[in-house]
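Undergrad: Below you'll find the structure I mean.
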Amino acid sequence: MYRTSKETQERKDLKRQMILNTAARVFAERGYHNTSVKDIVGEAGVSVGSFYFYFKGKEELFVELYKSIVLSFQQTAERVLDVQNFTLPKNMTRVITANLWMYQCNRDIARIMLVEAVGLNPEFERERIESIRKSCRDMEQWFKRFKIHNHVRIPDERVAALAFESSFYYLVTDWLQSDGHRKLTDSAYAFTVYNLQALGIQFDNAEIKLYVEEALRVLEERA
């Protein structure tokens, strides 16, 4: 009985994820506002009733999709981190590179998430703002550890975290609004150097370039 229930739940989870994956593709191709539930179920090969079994509507699905993308960003960053064995400049370079790489690999859906869907509905805005706040809180904790274990200039960790997050956001949105020929990861070196200088962290330019290349190689090998 338990095995049957577990298998049933696994099938439901797989179907739900399949609908989310399909929706991400359709949103990326058509944009959020030009995509309907009918478009999603048609591409997914499921009934409208099946769609509403998993989601209340397009808005709820979009919020769940946003959550899954945020989680994938976190998991990708964790793949390149090694706090025990890597130096602070190396870890910082690898995390920045990983996040830029993720946006680069998901340009169309990133445009919807960061530009088109801002102010979409109260539920999405709550989720988006909480995601930003969590990211800032995590960065603030990083900066606090930096001050304990490294010689850095951070008079206020919260302000530093907000400045980092906002500069990252504007770098990505500027790239999203460009012609798309330039790789976002081409900015990884300059963006890393800017932040290391702002924090007063000692680094070697040649090493930062090497760290960027290493991170990209790891990410692309595991893609």
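Undergrad: What is the diffusion coefficient of the range 24-155 in µm²/s, taking the Kirkwood radius over Cα pairs and the Stokes-Einstein relation at 20 °C with a viscosity of 1.002 mPa s?
TA: 126
Undergrad: Then there's this: Could you give me the ³J(HN,Hα) list for the range 72-86, computed from phi with Karplus coefficients 6.51, -1.76, 1.60 and θ = phi - 60°, whole Hz, x at Gly and Pro?
TA: 5, 5, 4, 5, 5, 5, 5, 5, 9, 7, 8, 4, 6, 10, 9
Undergrad: Which of the peptides 192-201, 18-27 is most tightly packed, and how do the rest follow, judged by the mean count of other Cβ atoms within 10 Å per residue?
TA: The packing order, highest mean first, is 18-27, 192-201.
Undergrad: Work out the P(r) tail for the range 92-223: percent of alpha carbon pairs separated by more than 25 Å, whole number.
TA: 31
Undergrad: Starting at the first residue of the range 39-53, write each ³J(HN,Hα) from the Karplus equation 6.51 cos²θ - 1.76 cosθ + 1.60 with θ = phi - 60°, in whole Hz, x for Gly and Pro.
TA: 4, 5, 5, x, 6, 7, x, 10, 7, 4, x, 5, 4, 6, 5
Undergrad: What is the distance in Å between the Cα centres of the range 175-194 and the range 31-59?
TA: 34
Undergrad: In whole Hz, with x marking every Gly and Pro, tabulate ³J(HN,Hα) for the range 161-176 from phi via Karplus 6.51 cos²θ - 1.76 cosθ + 1.60, θ = phi - 60°.
TA: 5, 5, 5, 5, 4, 5, 5, 5, 4, 6, 4, 5, 5, 4, 5, 4
Undergrad: Shifting gears a bit: When you count, for each residue, the other Cβ atoms within 10 Å and take the mean per peptide, how do 120-127, 40-47 rank with the highest first?
TA: 40-47, 120-127
Undergrad: Quickly rank 96-106, 7-17, 64-74, 169-179 as a protection proxy: mean count of other C-beta atoms within 10 Å, highest first.
TA: Highest to lowest by the protection proxy: 96-106, 64-74, 169-179, 7-17.
Undergrad: Going through the cross-link list LYS67/LYS90; LYS134/LYS209; LYS15/LYS90; LYS12/LYS90, which pairs have a Cα-Cα distance over 31 Å in this structure?
TA: LYS15/LYS90; LYS12/LYS90
Undergrad: Please compute the contact order of the chain in relative form: average sequence separation of alpha-carbon pairs under 8 Å and at least six residues apart, divided by the residue count, as a percent.
TA: Computed over the chain, the figure is 23 percent.
Undergrad: If you don't mind, another one. Semi-axes of the equivalent ellipsoid of the chain: what are they in whole Å, largest first, if each equals the square root of 5 times a C-alpha gyration tensor eigenvalue?
TA: Equivalent ellipsoid of the chain: 36, 19, 17 Å, largest first.
Undergrad: Taking only Cα atoms, what is the 0 to 90° angle, nearest 10, from helix 205-222's long axis to the longest principal axis of the chain?
TA: The angle comes out at about 20 degrees.
Since every read-out is calculated from the coordinates, none of them should be taken as a lab result. Computed from a predicted structure; not experimentally measured. Note: ideal-geometry Cβ built from the backbone for every residue, glycine included; neighbour counts use all protein chains shown.
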